[in-house]
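Novice: Dropping a structure here in structure tokens format, bear with me for questions.
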């Protein structure tokens, strides 16, 4: 049930609008995958996670909550967070992306660095948090 305060604020209380990977989160890592325009982001996330059988990751988990970044060129990247066997999860995601032809990106030094060589300042990108409506730029 949505509280009166959440209605006033326009979203759930306690969810901060921090771009995943833009600040150090001890024991957790973030990677972004590009929307392929064919599947929903959730379906593409599942395909990436199920690509390796058996998986490299032996512990922890990977998550997807729908946070995205729209780059100045119009491409949309969705965040994945993972913890536990970080090297294993990284290897699983990279193998899935390679096998499925999905472009990955990472956040570094206030920029999004795409595997294909594109680099943009985060300030040039439009973040979308699924629990909050985008602000009207007008």
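Where a number appears in this text, it was derived from the coordinates with a stated rule and is not lab data. Keep in mind it's a predicted model, so treat the numbers as computed, not measured. Note: ideal-geometry Cβ built from the backbone for every residue, glycine included; neighbour counts use all protein chains shown.
Novice: Determine Rg/Rh for segment 9-107; Rg is computed over alpha-carbon atoms and Rh is the Kirkwood hydrodynamic estimate from the same atoms.
Specialist: Ratio of gyration radius to Kirkwood radius: 0.97.
Novice: Give the relative contact order (percent, whole number) for segment 39-128; include only Cα pairs under 8 Å separated by 6+ residues.
Specialist: 30 percent
Novice: Of 111, 91, how do they rank once you tally other Cβ atoms within 10 Å and put the fewest first?
Specialist: 91, 111
Novice: How would segment 50-138 be classified by its alpha-carbon gyration tensor: rounded, prolate or oblate, with rounded meaning a/c under 1.5 and the a/b versus b/c comparison settling the rest?
Specialist: Prolate.
Novice: Which residues among segment 45-69 fall inside the zone where the amide N is under 13 Å from a point 7 Å beyond the Cα of residue 39, along Cα→Cβ?
Specialist: Only 45-52 fall inside the zone, counting backbone N under 13 Å.
Novice: Mind checking the full-extension length gain between residue 53 and residue 121? Use 0.36 nm per residue of separation minus the Cα-Cα distance, one decimal, nm.
Specialist: My answer for the length gained is 20.9 nm.
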